[in-house]
Amino acid sequence: MLSLLRFLVFTFTAIAITGFVISLVFSNRHYISFSLFPLPWAVEMPLYILCAASLSFGIMIGVFTSFVNGFYLRARSSSAMKAYKKQIALMEIELRALRAKRVDWELSGDNVLPDAN
């Protein structure tokens, strides 16, 4: 259910962005001069190309920053998972020892449970 909702949201977002870009292309065909002030270069380009390029650049920066943040979180999660697996292994060893004591107690026929230590 959640994956279907995620798919619908992604599809709606993709359609909305595509419609926005198409409307931007048809309505902004005017040529502009684009320059970065201290640099001596200037480029003549349609306005929609500049808008699409700046939008794409912003999306790439956002994806990169989320990947870097996710990398940190994945690394932290991985180290925590290793610690939990080590703790589970120790608990399984302790459980096997307690089960062995229980089997010995059942075979001995005593009515009193042995100490856990």
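Just so you know, all these numbers are worked out from the coordinates, no wet-lab data involved. These numbers were taken from a predicted model, which means no experiment stands behind them. Cβ coordinates were reconstructed from backbone atoms using ideal geometry, including for glycine residues, and neighbour counts include every protein chain displayed.
Restricting attention to the range 1-36, which residues are out of contact with any helix residue (DSSP H, G or I) (no Cβ under 7 Å at 6 or more places or on another chain) and aromatic (F, W, Y)?
Matches in the range 1-36: F7, F10, F12, F20, F26, Y31.
K86 versus (1) under 30 Å from S33 (Cβ atoms); (2) over 17 Å from the mean Cα position of the chain (by Cα): which is the lone unmet condition?
Failed condition: (1).
Determine whether N28 is in contact with a Leu (Cβ under 6 Å, 6 or more places away or on another chain), polar (S, T, N, Q) and closer than 30 Å to T13 by Cβ.
yes
Under 9 Å by Cβ, and 6 or more places apart or on different chains, what pairs join a residue from the range 8-19 that is within 25 Å of A53 (Cβ to Cβ) with one that is in a helix (DSSP H, G or I)?
Short answer, once both residue conditions are applied: I17/L55.
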